[in-house]
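Engineer: Structure in structure tokens, see below.
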Amino acid sequence: MQDPKRDSQKCLQHAMWTLASSLSTQLQHIQESLYDCTRHALTSLESNDNNAEFADLDHVQARVLLLIYEFMRTNHQRAWISAGRCIRLVQLMRLYEVDSVENVKRQHNAADPEDWIRIEEKRRTFWMVYSLDRFISIRHEWPLAINEQVASFSDIVIAMCSRLIQSRSQPVSLAPRMNSRAAGMCKWVFSPKP
Amino acid sequence: MGFLSEAMTSLDQTGASPFTESIILATICGRALAHKQQSSVEHIYNNDPQHFWDRHDWLDTMLKMRTENLLLHHSSTTVYADCMTLFVNMIAQTTVLYLCQVIESMTWNADEYRNSIIEFKQRSLVAAQEIVNLSRSLSHLSYFKVSHLRRNS
């Protein structure tokens, strides 16, 4: 029997549905209510001080999808505020240190090391937020929030993705829940190259 | 391929995904933005304009390198047919236009840089034409892949 969904997973699911409906041909009419549900769910998650899922990858991914939706559909000012939340979550979780020497050693010595798929998800989530920070900023000439120094050197690999794409024998549905038609840019990020 | 700093200067792109290219282009965009901000400050303090052109030349060279690399490793069909490759190409061309805008926002007192300015304006005309070509090819792509781009274009 499947474990009940965590709050952050529910937020991510709602965010996916919101983006999917906005890009569908038949479900456009429900995108606004899905968007409101998603925002409400995220606010609820973030208001709970005791919630261990606050700094959780699903929470970040939900915020990223909502940011994309807001940038495409609602006003850019709201999207900019959402971008700030995404970036702060990424910084809080230190996703830019996924491949740091300390983290690699910790993984190597851990009794239950993190799954390589989860690690790659963290990398791609970071690079997604990094890219969005730059593309949105240059569009409006707003200041950048993620310092390039943080991403440039030895703490996060850029392209495990290309290694994964080359080794086609491995299943590369890194996050099947993200592999939705409607996820636009995200779909390409998380799906294997045909 | 490993870290961003290596990827920026590496041309060994045989296995690079368009997502990797988009990260590199995003970095160049970030630097173009920083270049404009730095130029405004230097202008106020009447700093040597050569700093401006050094940064500009670096950005221009990087954009040329990434665009040529993209065309080298993807067929002409893919460049216009694959949505992510198309997006990356569009970002590169748009950044060229942005750099032209940065040049035009500055006041140039001497004729020393006149030829460079004219040459770059010509380059940005080519970039603008390429953006038009890329936009036209959007209409041939699947709705589900590019509907958000179409809506905003």
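The values are calculated or read from the model by the stated rules, or taken from the named source; none is laboratory data. Note that the structure is a prediction, hence the values are computed from the model and not measured. Neighbour counts are summed over all protein chains in view; Cβ atoms, including those assigned to glycine, are modelled from backbone coordinates with ideal geometry. Just the protein is used for accessible areas: all its heavy atoms, side chains included, with ligands, DNA and RNA removed. Shrake-Rupley method; radii C 1.70, N 1.55, O 1.52, S 1.80 Å.
Engineer: Given a 1.4 Å probe and no ligands, DNA or RNA in the count, how much accessible surface is buried by A and B, both sides, to the nearest 100 Å²? Mind showing how you got there, number by number?
Structural biologist: Details: alone 11480 and 9280 Å², together 17540 Å².
That pair hides around 3200 Å² of surface in total.
Engineer: Could you pull the accessible area for B:Tyr98 with a 1.4 Å probe, rounded to 10 Å²?
Structural biologist: 20 Å²
Engineer: If you don't mind, there's one more thing I want to ask. Which of the three applies to region A:1-70, rounded, prolate or oblate, going by the alpha-carbon gyration tensor with a ≥ b ≥ c and a/c under 1.5 meaning rounded? Show your work: numbers first, answer last.
Structural biologist: Working: a/c = 2.21, a/b = 1.71, b/c = 1.29.
Taking the square roots of the gyration eigenvalues as a ≥ b ≥ c, region A:1-70 is prolate.
Engineer: List the aspartates and glutamates whose Cα lies under 12 Å from the Cα of B:Lys36, skipping any in the same chain that are fewer than 8 positions away.
Structural biologist: Candidates past the 8-residue exclusion: A:Glu141, B:Glu104.
Engineer: Also, quick follow-up: Could you pull out every residue, at least 5 positions away or on a different chain, whose amide H is within less than 5 Å of the one on B:Phe3? Hs are placed 1.01 Å off N in the peptide plane, and Pro or chain starts have none.
Structural biologist: A:Ile158
Engineer: Consider a paramagnetic label point 7 Å from the Cα of A:Glu46 along Cα→Cβ; state which residues of region A:85-108 have an amide N under 19 Å from it.
Structural biologist: Counting only backbone N, you get A:85-95.
Engineer: Could you please state how large a percent of the accessible area of region A:31-129 is carbon and sulfur, counting protein chains only and using a 1.4 Å probe? If you can, show how the numbers build up before the last one.
Structural biologist: Details: 2410 of 4880 Å².
Carbon and sulfur: 49 percent of the exposed surface of region A:31-129.
Engineer: Return the residues of region A:121-136 for which accessible area with all protein chains present is lower than in the chain on its own by 50 Å² or more; set the probe to 1.4 Å and exclude ligands, DNA and RNA.
Structural biologist: Those residues are A:Phe135.
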